[in-house]
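Worksheet: the structure to be examined is printed underneath.
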Amino acid sequence: MTPDVPSYPLHNPAFLKLLAFRVSITFSYQIMAVVVGWHIFQITRDPLSLGLIGLAEVIPYFCTALFAGYAVDHYSRRMFGVMASVVLVINALVLAAIAAGWLLRANESSLFIYASIACVGFARAFIGPSYSALFALVLPRQQFARAASIGSVVLQTGLVLGPAIGGGVIALAGISAAYAVSALFALAAAIAMLALKVKQPPATDSTPVFASIGQGLRFVFNNQIMLGAQALDMFAVLFGGAVAMLPMFIHDVFNYGPEGLGILRAAPAVGAIATGLWLTRHPVNRHAGRILLIAVAGFGFSIIAFALSGNFWLAAFLLMISGICDGVSVVVRSTIMQLVTPDELRGRVSAINGIFIGSSNELGAFESGVMARLLGLVPSVIFGGVMTITVVGVVAKWAPKLRRLSMRDLY
């Protein structure tokens, strides 16, 4: 390590600014997610409307992500993060105006809320590639595993406090005020990214856009370890996510108000934060692939138990267990992606990872809404947990390199 490189990630000012961006943008997005779910359900009282929130976001995200990855690899990684933050600021303010009745009457607002969420999907397409590419610029390679754990803790902190803040502000001051708080956090993210000064190497690749995107796709699909890890998480989240249905659980099963929604939304992240803190001091090295498979299977079992719990606080505990399992999965998968990906492909590979993982959250929300309509609320969540466990078995057999992976093999 050269003398001017800090010996620990948190001693690196550039990394601290990147973490400030990440936690602020996560606060903004998570507050908005809670508020939008509550807002839409209050208008429609329809579980499918909660699933449509995910679909409204994932379509523009999916259409934009690959081009966003290309842009981040070839242009200013920092300014794309700023741009995405500004879009979230504007979006939150528009939603606040809609909730206050300044733009539309309540019975006319649903379509415009979905359109606003589509703008969020567009902005999110740039957030992951920007963060991933800047992560590799501000840190030496030997710090990637520890820094990925720290980044996971910061992310999960946003996932814990964001929903709690969102639910609390709704209860105390109303929906419009909660949207305004989301806008303030997005503004803080833009400021943090503007303060980050990094020297980005000039892009020397003159490959046309679609051919360049194809390079990223070929890299991912020809790498069994990366493809296996991403597919595992994608299908687990697609089938195993119960978060989109939490407003309905709160209303129909647990009989709590918006503060209860905030608690349940935060519970998985509490477990993930505890996991991330542990992994900052005890990084996963040996048997990383096996640990990843066990963690995702544990996520599926905890989701099934949540659906069957029937008690608010037991449900919160089981969601926390799911967060512990998911926290292991996130850190292991993030470390694999950072260690395996060549520097010149980081934006595109991160964008592909976002399609696998990020879009699966929204598609999972849509799947949950459809299955809740067809099967009923509790059976649909049980079905998702069973499918998650099935996916683990398929990936374990199909990707032996991932199953046998030790992280030390990638250094």
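The values are calculated or read from the model by the stated rules, or taken from the named source; none is laboratory data. Computed from a predicted model, the values in this text were never measured in an experiment. Please note: Cβ atoms are built from the backbone with ideal geometry, for glycine as well, and neighbour counts cover all protein chains shown.
Which of the residues belonging to the stretch 145-199 are outside any helix (DSSP H, G or I) and farther than 30 Å from Tyr75 by Cβ?
Gly174
Arg290 - would you say it is out of contact with any Phe, Trp or Tyr (no Cβ under 9 Å at 6 or more places or on another chain), basic (Lys, Arg) and either in a helix (DSSP H, G or I) or on the phi < 0 side of the Ramachandran plot (or both)?
Details: out of contact with any Phe, Trp or Tyr (no Cβ under 9 Å at 6 or more places or on another chain): yes; basic (Lys, Arg): yes; either in a helix (DSSP H, G or I) or on the phi < 0 side of the Ramachandran plot (or both): yes.
Against the criterion (out of contact with any Phe, Trp or Tyr (no Cβ under 9 Å at 6 or more places or on another chain), basic (Lys, Arg) and either in a helix (DSSP H, G or I) or on the phi < 0 side of the Ramachandran plot (or both)), Arg290 qualifies.
Could you check Asp409 against (1) over 24 Å from the mean Cα position of the chain (by Cα); (2) without any contact (Cβ under 8 Å) to a residue 40 or more places away in the chain; (3) within 30 Å of Leu308 (Cβ to Cβ) and say which number it fails?
Of the numbered conditions (1) over 24 Å from the mean Cα position of the chain (by Cα); (2) without any contact (Cβ under 8 Å) to a residue 40 or more places away in the chain; (3) within 30 Å of Leu308 (Cβ to Cβ), the odd one out for Asp409 is (3).
Anything in the stretch 54-88 that is under 21 Å from Phe185 (Cβ atoms) and of a type in the set (Val, Ile, Thr)? List them, or say none.
Val82, Val86, Val87
From the residues in the stretch 278-293 that are touching a residue at least 40 places away in the same chain (Cβ under 8 Å) and closer than 17 Å to Tyr8 by Cα, which one is surrounded by the fewest Cβ atoms within 10 Å (Cβ to Cβ)?
Here the residue is Pro283.
Can you pull out every residue in the stretch 366-406 that is of a type in the set (A, V, I, L, M, F, W, C), in contact (Cβ under 8 Å) with a residue 24 or more places away in the chain, more than 20 Å from Ser302 (Cβ to Cβ) and surrounded by fewer than 20 Cβ atoms within 10 Å (Cβ to Cβ)? Before the answer, list the steps.
If we filter the stretch 366-406 for residues that are of a type in the set (A, V, I, L, M, F, W, C), which is where we start, we get 366, 370-372, 374-375, 377-378, 381-383, 386-387, 389, 391-392, 394-396, 398-399, 402, 405.
Restricting the remaining residues to those that are in contact (Cβ under 8 Å) with a residue 24 or more places away in the chain gives 366, 370, 372, 377-378, 381-383, 386-387, 389, 391-392, 395-396, 398-399, 402, 405.
Now drop any that are not more than 20 Å from Ser302 (Cβ to Cβ), which leaves 366, 370, 398-399, 402, 405.
Selection gives Val370, Trp398.
Count, please, the residues in the stretch 25-60 that happen to be of a type in the set (S, T, N, Q) and surrounded by fewer than 24 Cβ atoms within 10 Å (Cβ to Cβ). If you could, list the steps in order and put the result at the bottom.
Going residue by residue through the stretch 25-60, those that are of a type in the set (S, T, N, Q) are 26, 28, 30, 42, 44, 49.
Remaining after also requiring surrounded by fewer than 24 Cβ atoms within 10 Å (Cβ to Cβ): 26, 42, 44, 49.
Number of matching residues: 4.
Only one of these conditions is not met by Ile175: (1) farther than 28 Å from Thr335 by Cβ; (2) modelled with pLDDT under 85; (3) touching a His at 6+ places or on another chain (Cβ under 6 Å). Which number is it?
Single failed check for Ile175: (2).
Every residue, every condition in (1) within 20 Å of the chain's Cα centre (by Cα); (2) modelled with pLDDT under 80; (3) part of a helix (DSSP H, G or I), yes or no:
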residue	(1), (2), (3)
Leu264	yes, no, yes
Gly271	yes, no, yes
Thr275	yes, no, yes
Arg286	no, no, no
Val296	yes, no, yes
Ser302	yes, no, yes
Ala307	no, no, yes
Leu314	no, no, yes
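Say whether the condition of being surrounded by 20 or more Cβ atoms within 10 Å (Cβ to Cβ), part of a loop (DSSP other than H, G, I, E, B) and not basic (Lys, Arg) is met by at least one residue in the stretch 233-251.
The answer is yes, given that some residue of the stretch 233-251 is surrounded by 20 or more Cβ atoms within 10 Å (Cβ to Cβ), part of a loop (DSSP other than H, G, I, E, B) and not basic (Lys, Arg).
Return a yes/no flag: does the stretch 103-119 have any residue that is in a helix (DSSP H, G or I), under 20 Å from the mean Cα position of the chain (by Cα) and crowded, with 24+ Cβ neighbours inside 10 Å.
Yes: one or more hits.
Pick out the one residue from Leu339, Leu345, Leu318 that is more than 26 Å from Phe62 (Cα to Cα), of a type in the set (A, V, I, L, M, F, W, C) and in a helix (DSSP H, G or I).
Testing whether each residue is more than 26 Å from Phe62 (Cα to Cα), of a type in the set (A, V, I, L, M, F, W, C) and in a helix (DSSP H, G or I) leaves just Leu318.
Name the pairs: first residue in the stretch 319-332 and farther than 15 Å from Leu293 by Cβ and of a type in the set (Asp, Glu), second residue at pLDDT below 90 and surrounded by fewer than 24 Cβ atoms within 10 Å (Cβ to Cβ), Cβ to Cβ under 8 Å, at least 6 apart or on different chains?
none
Which one of these is of a type in the set (Ser, Thr, Tyr), modelled with pLDDT of 85 or more and either assigned to a helix (DSSP H, G or I) or surrounded by fewer than 24 Cβ atoms within 10 Å (Cβ to Cβ) (or both): Ser329, Ser350?
Ser329
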